[in-house]
Amino acid sequence: MQEAEAIDNDAAGLLRRMAAGNEAALREFYQAFHGRVYAFALRRLRNPADAADVLNEVMLEAWRSAARFEGRSQALTWVLGIAHHKIIDNLRRQKSHLLDELDPEIADDDNPTAFDVLAGAQDAAQLRRCLDGLSDAHRLIVHLAFFEDLAYEEIARIADCPLGTVKTRMFHARRLLKRCLAGLNPRAVPADPEGSPQISHE
Amino acid sequence: MNKRPDHPDELLPWYVNGTLANGERQDVETHLQSCERCRQEVAWLQNLRTQVKDDTAGSPGELGLHRLLREAKAQKSAARQWWRPALAAAAVVIVIQSAVLINFLNRPAAITPLGGPAAEGVVLQVKFAPNATEAQIRELLQKTGATFIDGPGALGVYRLRLEDVTATQDQAIQRVIGELTARRDIVTYAARE
């Protein structure tokens with residue numbers, strides 16, 4: 001946590017220098033954040049060219065708006081917030097139906113079986129395929145929670161939505177991922193309720 | 001959503017990524033001591049987190065940096081030039097006003113001098129609904145006479161200019177804001193900057 005704070009203080013310092021028109025600071029800011037902004041954009045847009053365009057737009061916006069960073073949030077939250085809105089813009093231009101919230105008609109499983117729980121992400125390609133099948137809103141939450149390790153309060157700030165919505169979307173995303181992974185992994189075996197669960201090894 | 005009221009389902013992802021506040025984390029840890037299902041869910045989420053982190057995306061890297069620096073320089077250069085058209089326009093106004101003033105001094109009854117500031121338009125800050133389409137936004141802006149200046153910023157705020165409205169036309173400005181905010185399916189926030 002201390003390291004994260006130090007990094008963020010550095011980023012805040014870079015933004016102050018960028019606000020003064022310092023191009024070397026912009027270069028450092030890009031080096032600090034390009035990977036994470038690009039990953040965020042790519043996971044949601046699923047197109048490297050579009051993600052590269054968004055990265056460029058985000059950095060230019062940060063350059064233009066550096067003076068408006070007030071330090072009330074972390075620099076990462078601020079820049080991912082810009083990225084979120086640029087991505088929404090991009091999806092809107094594509095008239096992407098994936099902007100729409102999936103209506104998860106998830107059957108009530110009062111007792112999720114171990115089959116659900118153990119239909120795990122054994123195969124990275126399967127996981128990628130299932131993640132790409134989620135709506136943008138769900139992919140956003142999964143990425144920010146597990147790639148960026150952000151708290152739900154920060155995710156709510158970036159996504160500009162209530163805390164309850166973040167938690168609900170994560171719940172649905174998990175359920176949808178499990179169903180998808182179970183569908184792609186027919187050799188997964190339901191757990192023996194009397195004993196140790198049997199795990200399918202690919 | 002099927003929530004199990006006695007199980008902290010909603011908190012488990014954030015327990016796994018280590019960001020729960022102390023109180024919530026302790027509640028989850030206490031629950032996990034006696035709940036096999038939630039322990040299995042935590043194991044699944046840990047596996048998911050590992051796989052998500054391992055799925056590296058790459059980046060444009062140095063090429064992206066060169067593109068950024070080139071465009072940032074171009075923006076800076078364009079920004080330095082902004083005053084030229086404005087200065088030219090102001091120079092014209094000064095010349096005209098000077099001519100009028102001279103005429104006014106000579107024939108005060110015959111001439112109405114130019115007055116008031118050059119019309120620069122009014123700037124609004126606007127946020128659009130996430131599901132608003134480009135066609136909807138375009139139609140609404142055309143209807144209200146607003147044009148984009150820049151955005152979105154970190155909070156999703158766009159800056160729009162009202163071309164045909166001056167800063168003193170409060171009623172006209174409020175009317176446009178009303179037209180924008182009446183379309184709650186497109187605009188979630190609009191206010192004068």
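Each residue, residue B:139 and residue A:163, gets one label point 7 Å from its Cα in the Cβ direction; the gap between the two is 3.9 nm. Total buried accessible area between A and B, probe 1.4 Å, nearest 100: 5700 Å².
Listed here are the pairs A:86/B:76; B:53/B:76; B:76/B:143; which of them are more than 26 Å apart at the Cα? Table pairs above 26 Å Cα-Cα are B:53/B:76; B:76/B:143.
Within 10 Å of the Cβ of each residue in B:36-46, the mean number of Cβ atoms contributed by other protein chains is 4. A Förster radius of 56 Å combined with the Cβ-Cβ distance from residue B:161 to residue B:63 puts the calculated FRET efficiency at roughly 0.95. Please list, by residue number, everything in segment A:45-61 whose backbone N is under 19 Å from a paramagnetic label point 7 Å out along Cα→Cβ of residue B:78. A:53-61, by backbone N distance to the label point. Remark on residue B:188: its backbone amide H falls under 5 Å from those of B:127, B:128, B:129, a criterion applied only to residues 5 or more positions apart or on other chains, H modelled at 1.01 Å from N.
Each label point was placed 7 Å from the Cα along the Cα-to-Cβ direction; for residue B:56 and residue A:68 their separation is 3.4 nm.
Here segment A:9-78 exposes an accessible surface that is 44 percent carbon and sulfur, computed with a 1.4 Å probe and the other protein chains kept in place.
At 1.4 Å probe size, put B:77, A:135, A:73 in order of accessible surface, largest to smallest.
B:77, A:73, A:135
The values are calculated or read from the model by the stated rules, or taken from the named source; none is laboratory data. This structure is a prediction, so every number in the text was calculated from the model and none was measured. Every residue, glycine among them, receives a Cβ derived from its backbone with ideal geometry; neighbour counts consider all protein chains shown. Areas reflect the complete protein model, heavy atoms only, side chains present, ligands, DNA and RNA absent. Shrake-Rupley method; radii C 1.70, N 1.55, O 1.52, S 1.80 Å.
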